[in-house]
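Okay, structure first, notes after.
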Amino acid sequence: MTLSEPEATQFPARLPGEPFPPRQYADFRERPGLIRSTLPTGGPVWLVSRYEDVRTVLTDRRISSNPAREGFPNVARTGGVPTQDQIPGWFVGIDPPEHDRFRKALIPEFTVRRIRQWRPLIQETVDRCVDHLLSLGDSADLVAEFALPVPSLVISTMLGVPFVDREFFESRTKTLVSLKTTTEDERGVAVQELLRYIGRLIKVKQKRAGDDLISRLLESAVLSPEELTGVIMLLLIAGHETTANNIALGVVTLLSNPQWIGDDRAVDELLRYHSVADLVALRVAVEDMEIGGQVVRAGEGIIPLIAGANHDLNSFDRPDEFDPGRAARHHVAFGYGVHQCLGQNLVRAEMEIVYRTLFRRVPTLAVDADVTALPFKYDGTLFGLHELPVRW
Amino acid sequence: MRIHVDRSRCVGAGQCALTAPALFDQGEEDGLVEVLDAEPDDTQAAAAAMAARVCPSGTITVSR
């Protein structure tokens, strides 16, 4: 397959010492049409970098998110984490109308009101994680000891994972995202163990329902137990590393901008500013069409660059500045269109509670390294930190 | 000003309820959009416009 424009631009890479997002994005937005590039995994792709074009791509029904389609752009090998062709119910890769059955079954669990009801439990979990952090002495890796456990423990509470199993749950989910310290085989094993565990948990809930998400989804009977297993796995994976990256990067940014500590408006601005899921919304054209003045043919892969859109001068003033005072709710950090992050209100609640609690209980918290030399994730599909040494 | 929603398009992201809680809520049972005030006064114009803008599925339209 070839794309309809001849010249390819090198696939954007984050370089150590360079600010995020990649500097090329500003140049991409200035160029007419879309950017033709070559995927790290080989194969051609269109990169979309302007805010309005990104929103168009994410809402046009002639564009699919089904990875089984010819031309779908795989940015990276999955690293042992399974994809939807391997797990039924992985509905981020299912197009409407079939997608809507999954989404509609889950919506009531993630409404603004429902998440507000979870806040006391999120607070309790975050407090326990701060207790753990403080028990380690006066320094620690904030990613491993705090940012990764928080979302895993919160979702396991919501799912109804028994307390005694939460350590197992947390350790396996951590294995999945620790790309630097685990092998693909180890991650594959962790996936299988989690799938088996979720399958068993569903059986337990079938016999004895509780006040939890799995029990309610079983009761509604919209999804089969097999689909439910995949859906639960998706909730786990989609909400884990993404949230952890936001938590850790947010701590660094807030410590550099302490005047915004304690202001909840910082959360949406952190989401926009870091755009950790820059390369996550992958799409393929189903029909010939025009996007941003560019002809795109059926079967051509498209990547709407989330960080590109969120740093577009035409949609955000001084986009590269961190300014929670701006009205930035229209950012696309959670994507856009029918696949927009289902868990976004949960993430907002977690981030609000994390920052309020962490900076109140650990007021001397400081980054224990040169910020520019931190191990940022320059290599993954998600932006974040492999480690964050802190002291207090 | 009049607010119209097409519930068949709603994906329950909750952006409207978060952005303009005086105008929108989510249904208790299905989590889909519910309009609290379909003809608000002009003081709500900015909130209504922002809710329509942040809605990920084009569910909300505001007319004058």
Alpha carbon centre of the stretch A:183-215 versus the stretch A:274-319: separation in Å?
35 Å
Report the calculated FRET efficiency for A:E7 and A:K207 (r = Cβ-Cβ distance, R0 = 60 Å), to the nearest 0.05.
0.45
Most exposed first, judged by fewest Cβ atoms within 10 angstrom, A:F163, A:F169 run A:F163, A:F169
Send over the semi-axes of chain A's equivalent ellipsoid, whole angstrom and largest first, taken as the square roots of 5 times the C-alpha gyration tensor eigenvalues.
32, 27, 19
Using only atoms on other chains, find how many Cβ atoms lie within 10 Å of each Cβ of peptide B:49-55 and report the average.
2
Between A:V371 and A:A327, what FRET efficiency follows from the Cβ-Cβ distance if R0 is 25 Å, with the result rounded to 0.05?
0.35
Report the number of Lys pairs in chain A whose alpha-carbons are under 23 Å apart, with separation of 8 or more residues or on distinct chains.
4
Counting only the backbone N, which residues of the stretch B:44-58 are under 15 Å from the spot 7 Å out from the Cα of B:D37 toward its beta-carbon?
B:44-51
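Taking only C-alpha pairs under 8 Å that are 6+ residues apart, what is the relative contact order of chain A in percent?
Normalised by residue count, the contact order of chain A is 27 percent.
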Residue mean of other protein chain beta carbons inside 10 Å, A:319-330:
1
Treating the beta-carbon of each Lys and Arg as +1 and of each Asp and Glu as -1, no other charges, what is the dipole magnitude of the protein assembly as shown about its Cα centre, to the nearest 20 debye?
540 debye
Taking 0.36 nm per residue of sequence separation and subtracting the Cα-Cα distance, how much length would be gained by fully extending the chain between A:S224 and A:V362, in nm to one decimal?
45.2 nm
In whole Hz, the Karplus estimates of ³J(HN,Hα) for the stretch A:361-366 (6.51, -1.76, 1.60; θ = phi - 60°; x where Gly or Pro) are 7, 10, x, 8, 3, 8
Any chance you could list P(r) for the stretch B:2-63, counting all Cα-Cα pairs in 5 angstrom bins from zero, rounded to whole %?
4, 22, 37, 26, 9, 2, 0
HN-Hα couplings for the stretch B:44-49 via Karplus (6.51, -1.76, 1.60; θ = phi - 60°), in whole Hz with x for Gly/Pro, come out as 9, 4, 5, 5, 5, 5
When only Cα pairs under 8 Å and 6 or more residues apart are kept, what is the percent relative contact order across the stretch A:123-258?
29 percent
Which of A:G43, A:G293, A:G262 ends up with the largest GNM mean-square fluctuation for chain A, with Cα atoms connected below 10 Å?
A:G293
Beta carbons within 10 angstrom, averaged per residue: use that to sort the peptides A:141-154, A:220-233, highest first.
A:141-154, A:220-233
Going by how many other beta carbons lie within 10 Å of each one, how would you line up B:V33, A:V189, fewest first?
A:V189, B:V33
So what is the orientation-averaged projected area of the stretch A:191-282, using the convex hull of its C-alpha atoms, in nm²?
8.4 nm²
Peptide-level mean, for B:28-35, of C-beta atoms on other protein chains within 10 Å:
3
Alpha-carbon centroid distance for the pair the stretch A:134-164 / chain B, whole angstrom
36 Å
Exposure proxy check: A:E52, A:E300 ranked by fewest other beta carbons within 10 Å?
A:E52, A:E300
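Rule-based calculations on the coordinates, nothing more; no lab input. Everything numeric here is computed off the predicted structure, so don't read it as measured data. So basically every Cβ, Gly included, is an ideal-geometry build from the backbone, and we count neighbours across all protein chains shown.
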